[in-house]
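Report on the following structure.
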Amino acid sequence: MPLPINIHDLINGQSIEWERLEFKAGWNPEAVLHTMCAFANDINNWGGGYIVVGIEEINGKPVLPPMGIHPDTIDGIQKKLIELCHLITPNYFPVAVPVIYENKHILVIWCPGGDVRPYKTVTKFSKDSPQAYFVRRFSATVKAGMDEELQMIQLAAKIPFDDRINHSGAIEDLSITLIKEYLKEVGSDLHEIAEKIPFLDLCQQMQIVRGPKEYLKPVNVGLLMFNTNPSKFFSGAKIEVVEYQDDLGDTFTEKIFAGPLHHQLRLTFQYIKSSIIKEKIRKIDGQAEAERVFNYPLSAIEEALANAVYHRSYEKQNTIEVSVFKDHIDILSFPGPLPPVSEKDLKKERVIVRDYRNRRIGDFLKELNLTEGRSTGLPKIRRSMNFNGSPEPEFHTDDNRSYFLTVFHANPDFLVVEEKNVTENVTENVTENRADLLLQLMSSNKNITIEEMAQAAGVTKMTVNRDINILKKKGAVTRVGPAKGGHWKLKKGKSE
């Protein structure tokens, strides 16, 4: 039975991080056993991983086209796999699926994070071999150290909330329509047979139901993604967008987005794009093309919202709050980041997260291209804001990590009244240091381009254009000739 994932994206690391993939040129039962045990332990709550048999790897990356395995050996490998599962304590059973990829037969073994961690297994295929815990370190499977053993024991009762059984729900609460829609969008082969197999088998293949045969129940992620009204089970599973019309907050409009997580995310994106994001087109002296600038870059807000949906707690009743003010937007979710990430860490260029609150939600959102891999969210937000010429975003939490707040400040060009091509009020936004730098650059190279000055100053082209317009208005510099082929002329005494 096919997997609920796009095989091409899986093999090329486009939807699953490389640390969660292991490629085997051939069938190596001992190595496969240890890696299955490591993925089952899922020490970082990444969501387990995948073992691909029939593809060689170099430095953790696949060598394509695949070598493949002989089709006559697949049945024997699958039978041996069942034997290996009984060597893991407690017993653990992954999902193994034969696949034809680039005209070669391969075997993909999906190993979700286990329910009864920690798991251990034999170190060697020999009589009286000792057992050990295995974990993933980067792209390698290794025997766990003492600290890691202790960490796994502490994780024993900590199955991530999105992967827990929901005892209030029933199989009937899962929507076949939403499931088929998802499978079709991600390009899963499972979509082709979704109507031909029993619904329960489909749900089990997707790992969105769990329990003994006599008490099968949906897991929380199944209800969050494939129920038409998740707030029936999780009252806070909503996004609220509040727009304030005055500084006191007395006048406002409110919009609430509910439904399956990916639907409410996309509806919120659409609303923000159409109702909140504004664009200005500004003609620049001496330049043929006009500058386009936005009050907020949509990509940054989308990333922040997707992160909030991914990392928030669905055990809490708090909704995700988007507050739109005249000069800034706040995105607030509860609680804050998991330890050891602190307020100080959030100010770093890149935050390394060791643990994840919702491993399954992350996998589904990544398949839908609604969020990216680990530790990429904050850098992407910063890049988007910088490219738009916007102020640096702010990320906040408290000592108890009870909340996570992202603050976007509006582009300064949207907070002032423009006169002709240059805004009088933005003059003070040009720092003396940057003004001196631009003048020095033009003095040393009268043919220097806007792009070259932006690179040298570490700012965007839009910011340099704005600063030069202010310098022109002050009479510090003029442009002689056209934008292309002309040159800069400085007032005497200015950086000469």
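Bear in mind these aren't lab numbers, they're just calculated from the coordinates by the rules spelled out. In this text the structure is predicted, and so the values were computed from the model without any measurement. All Cβ positions, glycine included, derive from the backbone under ideal geometry; neighbour counts span all protein chains shown.
Here the extension length gained between S299 and E17 equals 99.4 nm, from 0.36 nm per residue of separation less the Cα-Cα distance. When its C-alpha radius of gyration is set against 2.2 N^0.38 Å (N residues), region 86-213 gives a value of 1.30.
When each of the peptides 445-451, 134-140, 147-153, 222-228 is scored by the mean number of other C-beta atoms lying within 10 Å of its residues, the order from highest to lowest reads 222-228, 134-140, 147-153, 445-451.
Measuring r between the beta carbons of V116 and I197 and using R0 = 22 Å, the FRET efficiency lands at 0.20. Shown here is the pair-distance distribution of the chain: with all Cα-Cα distances grouped in 10 Å bins from zero up to the longest one, the shares run 4, 17, 23, 21, 15, 11, 7, 2, 0 percent.
As a rough footprinting exposure proxy, the listed residues F125, F234 were ranked by other beta carbons within 10 Å of their own, and the order from fewest upward is F125, F234. Within straight-line reach of K180, meaning a Cα separation under 19 Å, sit the following aspartates and glutamates at least 8 residues removed in sequence or on another chain: D9, E172, D189, E192, E195, D201, D363, E367.
Would you mind checking the pairs K158/K366; K104/K124; K24/K158; K120/K143 and listing those with alpha carbons more than 19 angstrom apart?
With Cα atoms farther than 19 Å apart: K158/K366; K104/K124; K24/K158.
Relative to its residue count, region 160-228 spans a Cα convex hull of 86 Å³ per residue. With bins 5 Å wide beginning at 0, the percent of Cα pairs of region 1-157 falling in each bin runs 2, 9, 20, 23, 20, 14, 8, 3, 1.
Max-minus-min Cα coordinates of region 239-413 on each principal axis give 53, 35, 33 Å, with the largest extent listed first. Considering only C-alpha atoms, what is the centroid distance from region 1-51 to region 104-144, in Å? One Cα centre to the other: 11 Å.
Only helices enter the 222 nm calculation for the chain: every DSSP H run of n ≥ 4 contributes -39,500 (n - 2.57), and dividing by all residues gives -9500 deg cm²/dmol, rounded to 500.
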